[in-house]
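The structure under discussion appears below in the form of structure tokens.
The values are calculated or read from the model by the stated rules, or taken from the named source; none is laboratory data. Since we're looking at a predicted model, the values are computed, not measured. Neighbour counts run over all protein chains shown; Cβ positions are idealised from the backbone, glycine included.
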């Protein structure tokens with residue numbers, strides 16, 4: 001098995017402006033924040049971002065890196081609507097394609113299976129159908145009881161040029177393990193992408209992956225992973241249960257601080273500088 005380990009800078013070096021980028025996690029939970037911060041230190045822009053959005057979307061939107069956003073929501077969980085996303089949306093900084101959560105999931109399923117679309121009932125009768133890019137499709141098969149041919153939303157595939165996800169553990173070959181309560185569809189993001197980059201709390205030997213938890217926690221297969229980055233605390237300030245919970249105090253700081261001010265203090269250097277700045281901020285609060 002090949003060694004796929006790389007640095008966050010290596011990952012960003014493989015990304016380009018104009019790409020369609022999928023970002024795993026859910027709201028403010030297990031987001032690949034270290035990779036997002038590395039992306040913000042680059043000049044990459046004009047992105048189509050596909051995400052169950054959280055601060056990943058908020059940061060990229062505030063920095064002006066998003067051309068189009070495809071999402072079902074953008075939230076910080078304990079803060080219902082991500083404030084930096086909201087501000088960018090209100091000033092018309094990017095195009096928004098908002099779909100139902102189930103439509104989003106089936107769009108990833110379609111891409112993972114290299115299908116142009118999948119039929120889904122979700123979205124019918126709702127305002128998401130105002131999107132001129134969405135179509136409906138009539139089943140070629142009559143219902144066994146009514147004989148009626150049902151109409152579905154034809155959810156287009158969410159094909160990704162690249163995907164970024166964060167795991168609790170991974171091995172050097174790209175097998176990824178989550179230890180928390182939910183996979184957050186990260187495997188679908190990986191399978192829907194041409195290239196996938198996985199950050200993790202710790203890289204371990206392959207044999208160790210099945211010692212810490214049940215085999216079904218092995219969410220990502222090496223065949224769908226391009227590169228692996230070890231980034232301890234790399235999901236901060238989102239949660240990465242059971243390694244750590246969401247840093248609610250820091251999230252409140254992020255949510256109430258103008259982006260330029262937040263970026264100047266916390267995003268100016270590399271990942272070590274970010275973690276050091278967070279540590280310094282915590283010490284200041286203790287005084």
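Give segment 122-156 a look and list any residue that's in contact with a helix residue (DSSP H, G or I) (Cβ under 9 Å, 6 or more places away or on another chain) and under 21 Å from residue 50 (Cα atoms), or say none.
122, 123, 128, 134, 153, 155, 156
Suppose we filter segment 40-49 for residues that are within 14 Å of the chain's Cα centre (by Cα) and under 27 Å from residue 248 (Cβ atoms); how many remain?
Summing the residues that are within 14 Å of the chain's Cα centre (by Cα) and under 27 Å from residue 248 (Cβ atoms) in segment 40-49 gives 1.
Among (1) under 27 Å from residue 86 (Cα atoms); (2) assigned by TED's automatic domain parsing to the domain that holds residue 52, there is one condition residue 256 misses while meeting the rest; what is its number?
Single failed check for residue 256: (2).
Given the criterion touching a residue at least 24 places away in the same chain (Cβ under 8 Å), touching a strand residue (DSSP E or B) at 6+ places or on another chain (Cβ under 8 Å) and in the same structural domain as residue 128 (by TED's automatic domain parsing), identify the matching residue among 152, 185.
152
Which of (1) within 26 Å of residue 71 (Cβ to Cβ); (2) surrounded by fewer than 16 Cβ atoms within 10 Å (Cβ to Cβ) is the odd one out, the single condition residue 276 does not satisfy?
Going through the list (1) within 26 Å of residue 71 (Cβ to Cβ); (2) surrounded by fewer than 16 Cβ atoms within 10 Å (Cβ to Cβ), residue 276 breaks only (1).
Any chance segment 135-156 includes a residue that's loosely packed, with under 12 Cβ neighbours inside 10 Å, more than 21 Å from the chain's Cα centre (by Cα), at pLDDT below 95 and not in a loop (DSSP other than H, G, I, E, B)?
Looking through segment 135-156, none of the residues is loosely packed, with under 12 Cβ neighbours inside 10 Å, more than 21 Å from the chain's Cα centre (by Cα), at pLDDT below 95 and not in a loop (DSSP other than H, G, I, E, B).
Which condition number in (1) out of contact with any helix residue (DSSP H, G or I) (no Cβ under 8 Å at 6 or more places or on another chain); (2) free of Cβ contacts under 8 Å to residues at least 40 places away in the same chain is the one that residue 281 fails?
With (1) out of contact with any helix residue (DSSP H, G or I) (no Cβ under 8 Å at 6 or more places or on another chain); (2) free of Cβ contacts under 8 Å to residues at least 40 places away in the same chain applied to residue 281, the lone miss is (1).
Within the set of pairs 6 or more residues apart or between chains, which connect a residue that is over 15 Å from residue 121 (Cα atoms) inside segment 133-144 to a residue that is in a loop (DSSP other than H, G, I, E, B) with Cβ atoms less than 6 Å apart?
Listed pairs, sorted by first residue: 142/149.
Kindly establish whether residue 237 is closer than 15 Å to residue 56 by Cα and either touching a residue at least 60 places away in the same chain (Cβ under 8 Å) or in the same structural domain as residue 63 (by TED's automatic domain parsing) (or both).
yes
Determine whether residue 115 is part of a loop (DSSP other than H, G, I, E, B) and touching a residue at least 40 places away in the same chain (Cβ under 8 Å).
yes
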